[in-house]
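Novice: Let me give you the structure first, and then I'll get to my questions.
The values are calculated or read from the model by the stated rules, or taken from the named source; none is laboratory data. Note that the structure is predicted; figures quoted are calculated from it, not measured. FYI the Cβ positions are ideal-geometry reconstructions off the backbone, even for glycines, and counts take in every protein chain you see. With ligands, DNA and RNA removed, areas are computed over all heavy atoms of the protein, side chains included. Shrake-Rupley method; radii C 1.70, N 1.55, O 1.52, S 1.80 Å.
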Amino acid sequence: MNGNLLWVAFSTIVVKEVRRFTRIWVQTLIPPAITMTLYFIIFGNLVGSRIGEMDGFDYMQFIVPGLIMMSVITNSYGNVVSSFFGTKFQRNIEELLVAPVPNWVILAGYVIGGVARGLAVGFIVTLLSLFFTDLTLAHPFVTLSILFLTAVVFSLGGFINAIYANSFDDIAVVPTFILTPLTYLGGVFYSISLLPEFWQGVSQLNPILYMVNTFRYGILGVSDINVAFAFGMIMLFIAVLGGFSLHLLNTGKGIRS
Amino acid sequence: MELALQIRGLEKTYGNGFKALKGIDLDVKQGDFFALLGPNGAGKSTTLGIVTSLVNKTNGSVSVFGHNIDTDLTNAKLCMGIVPQEFNFNFFEKVEDIVVTQAGYYGIPSSIAKERAEHYLKSLGLWDKRDNRARQLSGGMKRRLMIARALVHNPKLLILDEPTAGVDIELRRSMWEFLTKINEEGTTIILTTHYLEEAESLCRNIAIIDQGEIIQNSSMKSLLAKLNNETFILDLDQDLKSLPDLDDLEARLVDEHTLEVDLPKGHGLNSVFTQLTAQKIAVLSMRNKANRLEELFVELVENKGAKL
Ligand SMILES: Nc1ncnc2c1ncn2[C@@H]1O[C@H](COP(=O)(O)OP(=O)(O)O)[C@@H](O)[C@H]1O
Ligand SMILES: [Mg+2]
């Protein structure tokens, strides 16, 4: 297929993905809005006022970037894992398999679908946070690019999870046992400088820490970690996860007998 | 003439070690209306799955309008549309969206896709239902939705896997009419079925598959003639150098003193004996030849009887 046809195929997948999560907006867009508002009220307002400053910012200002990032991570992952698993489960993946769509276009379509949901939720949560604090972007380009790249990483993760999943239970395991703990321990609620040195070292093995801190750097202008290193690491993740996803698609893992 | 489908030595062993296809060959001519007939589990869906990239093959080659699926898959895919045996669309999508989305996967821009969707949904009687969710359609409508989806890129070859299973008689007739019409307009059609009646009333050529092997591949006419014949094996009292003269009956020498004769059902054996006697050939014994096609046919007919 030539470039034009590929573009049509790609945008068809993206439109279908966006249509899916907006059709079920009560399941996809409302829950993170409610959860994050509760976080803002309880941790930011009520508890935060007793905590005082974190890294030189009031606690609400400190956690807002982390909570936005957390919503983006959860929702981009969740979108791709449930959509692609559903596609496999209902067998409408066959609509794509019989058509002349190259695998990398299929992957790109689903990933951008996940990014779209991640960013949509991120946008909603950002709007809500404006009721609680003022946001100014110290480094707009860093902020937006880290948001986008993080959404790509977790969309790819969701895709791989969906390929291996055989049941609806299998799509809940990774978010519950890996993603949520890593996010909570990734500096969303605290600066790792509060931790004993040993646990600081352990925390630095957590990739989500780099994403959250880079995003916070984009907004507040301060970071616990090296921003350039964070970008490099994320690009590496994208290359590895993307390559692996393509390999799985090419071999037909989980979708072709 | 270019073949719409050419299959050579196709083998499939599933992950669990089950050998579903044992090396099949198949030719379907351009413009044909072709039936692949066989009982459940024969390997029909596996064959079509391999042709349409839904199943990985183990061995062999497949070409669609001259495009080999190993080396020229994109062009092969552009030539064909598939209506699978099981419903495989997203039940929560709208009817029209399903068809338009499929067109998009073939790179057809949405303005053209919408016209095509309208055309096919209208000709399949689904246009009124275009805004319904797919799950709200009846079984027959779901099947027709899959036909519209398969045709939206105007393929030269339409493949249908048991299109009328579970569809009531009246709808079955109207689907047959639709298929006959698009075949007359030039679309090559391959369908699988386990109803001989369906193959008989629609198709010009037929292959019969059983346990992963093609056991018969001919025109519908000669199949019916064959099914109408019985074969007898005669043991003779002497060695023959050449075939005795038996008028226009089909006969073969298996070895020098064993003769096989095909007789139309109800023809009677007397004339055979009369003619052999006249040539001074005596028959020592005689038996009916067990015929796999015949057995299969009986099985299919019994199946049909059980289902109707
Ligand atoms: N994914 C699979 N794994 C193992 N065996 C399979 C699989 N799919 C089909 N089979 C077996 O292969 C044989 C042929 O199946 P199929 O092609 O669906 O037959 P048909 O369509 O003629 O009814 C059957 O015995 C079936 O059980
Ligand atoms: Mg079948």
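Novice: Of these, B:Lys241, B:Lys226, which one is in contact (Cβ under 8 Å) with a residue 24 or more places away in the chain and more than 16 Å from ligand 2 (Cβ to nearest atom)?
Specialist: When all the criteria are applied, what remains is B:Lys226.
Novice: Kindly provide the set of residues from segment A:222-242 that are surrounded by fewer than 16 Cβ atoms within 10 Å (Cβ to Cβ) and either assigned to a helix (DSSP H, G or I) or in contact with a Phe, Trp or Tyr (Cβ under 6 Å, 6 or more places away or on another chain) (or both), ordered by number.
Specialist: A:Ala228, A:Phe229, A:Gly232, A:Met235, A:Leu236, A:Ala239, A:Val240
Novice: Could you check segment B:63-95 and list, in sequence order, the residues that are part of a loop (DSSP other than H, G, I, E, B) and either facing chain A (nearest Cβ under 7 Å) or within 16 Å of ligand 1 (Cβ to nearest atom) (or both)?
Specialist: Once the filter is applied, which keeps residues that are part of a loop (DSSP other than H, G, I, E, B) and either facing chain A (nearest Cβ under 7 Å) or within 16 Å of ligand 1 (Cβ to nearest atom) (or both), segment B:63-95 yields B:Pro84, B:Gln85, B:Glu86, B:Phe87, B:Asn88, B:Phe89, B:Asn90, B:Phe91.
Novice: Test each condition in (1) touching a strand residue (DSSP E or B) at 6+ places or on another chain (Cβ under 8 Å); (2) outside the structural domain of B:Phe273 (by TED's automatic domain parsing) for B:Ile233 and report the one that comes out false.
Specialist: Failed condition: (2).
Novice: Only one residue in B:Leu158, B:Leu179 is more than 14 Å from chain A (Cβ to nearest Cβ) and within 23 Å of B:Ile209 (Cβ to Cβ). Which one?
Specialist: Of the residues listed, the single one that is more than 14 Å from chain A (Cβ to nearest Cβ) and within 23 Å of B:Ile209 (Cβ to Cβ) is B:Leu179.
Novice: Looking at segment B:11-62, which of its residues are touching a residue at least 60 places away in the same chain (Cβ under 8 Å), in a loop (DSSP other than H, G, I, E, B), within 14 Å of chain A (Cβ to nearest Cβ) and more than 7 Å from ligand 1 (Cβ to nearest atom)?
Specialist: Within segment B:11-62, B:Thr52 is the sole residue that qualifies.
Novice: Those residues that are within 14 Å of chain B (Cβ to nearest Cβ) and small (Gly, Ala, Ser), I need them from segment A:65-90; list them, please.
Specialist: Of everything in segment A:65-90, those that are within 14 Å of chain B (Cβ to nearest Cβ) and small (Gly, Ala, Ser) turn out to be A:Ser82, A:Ser83, A:Gly86.
Novice: Filter segment B:96-129 down to the residues that are over 20 Å from B:Ile182 (Cα atoms) and assigned to a loop (DSSP other than H, G, I, E, B), then identify the one that is nearest to the other protein chains (Cβ to nearest Cβ).
Specialist: Checked segment B:96-129; the qualifying residue nearest to the other protein chains (Cβ to nearest Cβ) is B:Gly107.
Novice: Could I ask something else about it? Among the residues in segment B:111-128, are any aliphatic (A, V, I, L, M), open to solvent by less than 30 Å² (accessible area, probe 1.4 Å), more than 19 Å from B:Thr52 (Cα to Cα) and touching a Phe, Trp or Tyr at 6+ places or on another chain (Cβ under 6 Å)?
Specialist: yes
Novice: Go through the residues of segment A:140-152 one by one and say whether even a single one is farther than 19 Å from A:Leu29 by Cβ, in a loop (DSSP other than H, G, I, E, B) and either open to solvent by less than 10 Å² (accessible area, probe 1.4 Å) or within 14 Å of chain B (Cβ to nearest Cβ) (or both).
Specialist: Among the residues of segment A:140-152, not one is farther than 19 Å from A:Leu29 by Cβ, in a loop (DSSP other than H, G, I, E, B) and either open to solvent by less than 10 Å² (accessible area, probe 1.4 Å) or within 14 Å of chain B (Cβ to nearest Cβ) (or both), which makes the answer no.
Novice: List every residue pair whose Cβ atoms lie under 6 Å apart, where the two residues are 6 or more positions apart in sequence or sit on different chains, the first residue falls within segment B:157-169 and is modelled with pLDDT of 80 or more, and the second residue, located anywhere, is open to solvent by 10 Å² or more (accessible area, probe 1.4 Å) and part of a loop (DSSP other than H, G, I, E, B).
Specialist: B:Leu158/B:Thr187; B:Asp161/B:Pro84; B:Asp161/B:Gln85; B:Glu162/B:Gln85
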